[in-house]
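Here is the structure we will look at, set down as structure tokens.
The values are calculated or read from the model by the stated rules, or taken from the named source; none is laboratory data. Note that the structure is a prediction, hence the values are computed from the model and not measured. Cβ placement follows ideal geometry from the backbone for every residue including glycine, while neighbour counts extend to all protein chains displayed.
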Amino acid sequence: EDIPVAAVFLIDNSISMKYRQENITRLEYSGQLCRRQLEQFPAGSRSAILSTQADDEVIFQSDTGSVATRLESLEVTAVPARLNRQLRLAVESQQEDRQRTQQEAGLGGSADQYVREIYVFTDFSKTAWQLPDESQITELLQELDWLNIYLVDVSVPQPVNAGLADLRISEQSIVSGRDLLLNLTVRSTSGLPAAARLEASIIDPGGRETPAAPPASVRLDGTASRVQMAIRIPPNTAWVEGSVRLAAEDPLMDDNVRSFTCAVRPAPKVLLMADRTEETLYLKNALQPEELERAGIRQCECQVAATAAAAELNFSDYDAVMLLNPGRPDETLWNALRKYSESGGGVFIVAGSARIQPALWSTPTARSLLPAVPLTIVKYLDTPGYLNLTEQNGVSRMFLQDDNLRTELAAVAFDRCWAVETDPAARVLMQFTGPADRAALLERTVGKGRCVLFTSAMDNLTDGGNLWNNLPASWSFLVLADSLLQHLTNASDTRCNYTAGQPVSLVIPENRRFQQYLLRRPGLRQTRGQLDPETSEILLTDAEEPGHYLLQALDAATGFDAAFAVNFRDEETDLTKITDDELQALTGERRAVVIHDPEQLVAIQRTGRLGVEILPLLLGLLLLLFCAEHLMSNFFYDAPDSAG
């Protein structure tokens with residue numbers, strides 16, 4: 001046992017390793033086991049610590065004090081590299097070190113100055129490994145019989161945990177006074193108290209958390225359940241930063257809190273126009289419900305005008321312009337709408353009337369704006385058409401995230417629609433089911449803005465939209481109208497919530513450019529950054545800590561700031577264990593020793609080293625036996641013939 005050891009200690013420092021038992025985390029326990037191994041290594045041994053931090057590297061050190069210091073400095077990462085990848089890095093580092101030391105010592109063949117070992121300390125969480133394996137570890141290990149690998153299980157036998165997952169907010173950008181809906185999953189194992197409290201809070205300008213909704217009681221019965229909470233957005237703020245907390249004590253507390261951020265925007269100004277203004281009332285009431293207006297909650301400011309009065313209006317005063325069923329639109333109207341869209345405005349056009357004259361929709365000026373031009377009315381005679389919501393986009397996103405919403409909208413029956421000729425630059429956002437899968441909702445980028453076209457009606461007049469569909473009678477119409485408005489005003493493009501490790505993109509308006517900024521990070525840490533004065537976007541690639549972030553321009557004149565929240569992947573606290581068979585498949589049969597009882601590590605380790613340590617002795621004995629056999633054969637063959 002006097003042969004020096006060259007060891008790599010690969011330590012899983014993902015979030016699940018913060019699981020605490022007897023007041024010690026799995027990461028701390030792994031450090032204790034490492035130090036115990038270091039103390040037993042023979043003189044002249046060298047060791048390296050490798051974590052699951054993606055940019056970590058293997059550096060062998062002879063000084064055990066330096067190795068111990070490296071152990072003490074290990075912290076949990078929310079963006080761990082997969083253990084397959086890090087194990088391959090450890091193996092390749094051993095290969096390179098072995099070749100180097102052989103060359104320096106003038107050794108060849110299988111001779112080595114060290115017993116070479118790799119220890120992997122992990123809680124055996126399945127999500128820490130990549131399945132199926134893409135690192136090709138099995139092939140790498142096939143010929144490396146000089147390398148001992150120990151996979152050490154530091155988990156507890158029957159872990160218990162309760163936590164929050166899959167937090168979704170109804171809007172990334174919202175108007176003050178509205179309710180922000182928080183949808184999330186509460187999940188738990190068995191063995192915990194039967195119930196717990198779910199609390200939502202927002203952070204005030206002074207940094208204090210204040211309750212934002214009545215606490216909800218949730219059951220912890222070993223299953224997963226969806227919960228919804230509503231937060232009323234306060235006035236006079238540009239951002240709302242908040243968190244949802246599960247008030248329950250368990251050994252892994254990190255997933256008991258989830259953070260969120262939402263941008264707050266002014267109520268948008270919307271112009272609704274139609275030949276008959278009564279056709280706008282259904283869409284207007286969907287955008288600004290009368291009951292909310294009576295309660296003093298203004299989601300948007302709507303103005304209604306007849307199409308004939310369009311020339312008297314300045315479209316640039318509005319955040320969106322909605323035009324319903326213009327029968328005889330002239331070139332002046334199309335040209336004004338195109339210029340408005342080119343400058344960044346959002347145009348929404350409804351084609352849901354038999355009064356529409358297709359020829360006046362297909363002029364060159366109209367075609368320069370519209371995503372499609374109407375050709376002829378199609379009637380669904382035998383079976384109604386229904387909206388197909390499989391396409392993920394800014395309008396359908398809300399429906400695809402909520403099964404009830406999707407089911408409600410998909411149940412709306414359409415009896416008529418316009419068949420259209422789609423512009424090559426357009427994309428289809430929604431389709432009708434039925435023959436030809438006709439386009440229902442189309443979009444086209446026009447300059448800095450966009451134009452969206454709906455090919456059926458959006459009113460419920462008995463001599464109008466009622467003949468086309470029953471969409472305004474469905475409560476999903478309210479959500480569709482709101483989603484359309486958010487899409488037209490680019491509110492649906494805003495993103496304030498990210499998963500740790502994802503690039504964070506922040507758009508800088510042309511009139512608010514700056515060169516220096518301060519980024520407030522979780523834990524009261526701040527960093528500074530610089531930009532080219534013409535930069536239109538900031539891309540942050542190091543937002544890895546869960547919590548709230550706020551970027552502020554140091555040039556106060558621009559007034560630019562942007563807030564966002566980061567959460568770690570839900571899978572990071574999934575304690576489902578990988579099986580021994582799966583590990584053997586990853587590393588190759590009998591190429592790694594799986595150890596579920598760390599206390600047996602020393603005994604198993606001695607067995608593994610035995611072959612390496614007695615190999616020189618065995619080779620020496622074989623050489624002696626060969627020499628002895630050679631001498632004996634010479635003695636017998638060279639002896640005088642007794643018959644002679």
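Among the residues making up the range 194-220, a single one is in contact with a Pro (Cβ under 7 Å, 6 or more places away or on another chain) and among the polar types (S, T, N, Q): SER201.
State the number of residues belonging to the range 197-215 that are small (Gly, Ala, Ser) and either at pLDDT below 95 or not in a strand (DSSP E or B) (or both). Lay out the reasoning, then the answer.
First pass over the range 197-215, keeping only residues small (Gly, Ala, Ser): 200-201, 206-207, 212-213.
Checking which are either at pLDDT below 95 or not in a strand (DSSP E or B) (or both) leaves us with 206-207, 212-213.
Selection size over the range 197-215: 4.
Screening the range 158-196 for residues that are buried (at least 17 other Cβ atoms within 10 Å of the Cβ) and among the basic types (Lys, Arg) and picking the one that is modelled with the lowest pLDDT gives ARG178.
Residues that are under 21 Å from the mean Cα position of the chain (by Cα) and either among the acidic types (Asp, Glu) or within 15 Å of ASP179 (Cα to Cα) (or both) within the range 208-249 comprise GLN228, VAL240, GLU241, GLY242, listed in sequence order.
Screening GLU134 with (1) within 23 Å of PHE9 (Cβ to Cβ); (2) surrounded by fewer than 15 Cβ atoms within 10 Å (Cβ to Cβ); (3) charged (D, E, K, R) gives one miss only, at (1).
Determine whether ARG328 is surrounded by 15 or more Cβ atoms within 10 Å (Cβ to Cβ), among the charged types (D, E, K, R), touching a residue at least 24 places away in the same chain (Cβ under 8 Å) and closer than 23 Å to GLN357 by Cα. Full working, then the answer.
Details: surrounded by 15 or more Cβ atoms within 10 Å (Cβ to Cβ): no; among the charged types (D, E, K, R): yes; touching a residue at least 24 places away in the same chain (Cβ under 8 Å): yes; closer than 23 Å to GLN357 by Cα: yes.
Answer is no for this residue.
Are any of the residues in the range 619-642 charged (D, E, K, R) and modelled with pLDDT under 55? There is at least one residue in the range 619-642 that is charged (D, E, K, R) and modelled with pLDDT under 55. Among residues of the range 430-450 that are under 19 Å from ARG367 (Cβ atoms), those with a beta-carbon under 6 Å from a residue that is among the aromatic types (Phe, Trp, Tyr) at least six positions away or on a different chain give the pairs LEU441/PHE454.
Reported count of residues in the range 41-70, each being of a type in the set (A, V, I, L, M, F, W, C), buried (at least 16 other Cβ atoms within 10 Å of the Cβ) and out of contact with any strand residue (DSSP E or B) (no Cβ under 6 Å at 6 or more places or on another chain), is 1. Taken over the range 106-142, the criterion of being under 27 Å from the mean Cα position of the chain (by Cα), charged (D, E, K, R) and assigned to a helix (DSSP H, G or I) is satisfied by LYS126 alone. The one condition from (1) surrounded by fewer than 21 Cβ atoms within 10 Å (Cβ to Cβ); (2) modelled with pLDDT under 95; (3) more than 27 Å from ASP275 (Cα to Cα) that PRO424 does not meet is (2). Scanning the range 72-121 for residues that are more than 20 Å from ASP145 (Cα to Cα), of a type outside the set (Asp, Glu) and loosely packed, with under 15 Cβ neighbours inside 10 Å yields SER73, ALA105, GLY106. Checking the condition exposed (fewer than 14 other Cβ atoms within 10 Å of the Cβ) and either not assigned by TED's automatic domain parsing to the domain that holds PRO326 or not hydroxyl-bearing (Ser, Thr, Tyr) (or both), which residue from PRO374, PRO435, PRO472, PRO384 passes? Criteria check complete, one pass: PRO435. Just one of the numbered conditions (1) among the small types (Gly, Ala, Ser); (2) within 30 Å of VAL264 (Cβ to Cβ); (3) modelled with pLDDT under 95 is not true of ALA78: (3). Residues that are part of a strand (DSSP E or B) and either without any contact (Cβ under 8 Å) to a residue 40 or more places away in the chain or over 30 Å from ALA200 (Cβ atoms) (or both): does the range 277-297 have at least one? No, there is no match, as no residue in the range 277-297 is part of a strand (DSSP E or B) and either without any contact (Cβ under 8 Å) to a residue 40 or more places away in the chain or over 30 Å from ALA200 (Cβ atoms) (or both).
Would the range 23-40 turn up any residue that is crowded, with 20+ Cβ neighbours inside 10 Å and either among the aromatic types (Phe, Trp, Tyr) or assigned to a loop (DSSP other than H, G, I, E, B) (or both)? Yes. Whenever a residue of the range 304-315 is within 16 Å of TYR340 (Cβ to Cβ), its partners that are part of a loop (DSSP other than H, G, I, E, B) and modelled with pLDDT of 95 or more, lying with C-beta atoms within less than 6 angstrom and at least six residues away or across chains, give the pairs THR307/ASP275; THR307/PRO326. I'd like to know if the range 94-105 contains one or more residues that are touching a residue at least 24 places away in the same chain (Cβ under 8 Å), outside any helix (DSSP H, G or I) and farther than 28 Å from LYS577 by Cβ. Checking the range 94-105: not a single residue is touching a residue at least 24 places away in the same chain (Cβ under 8 Å), outside any helix (DSSP H, G or I) and farther than 28 Å from LYS577 by Cβ.
Taking ALA553 as the residue in question, decide whether it is under 22 Å from ASN13 (Cα atoms) and of a type in the set (Gly, Ala, Ser). No. Within the range 521-548, residues that are in contact (Cβ under 8 Å) with a residue 12 or more places away in the chain sit with their Cβ atoms under 6 Å from residues that are of a type in the set (Asp, Glu) and not in a strand (DSSP E or B), at 6+ positions apart or across chains, in these pairs: PRO522/GLU545.
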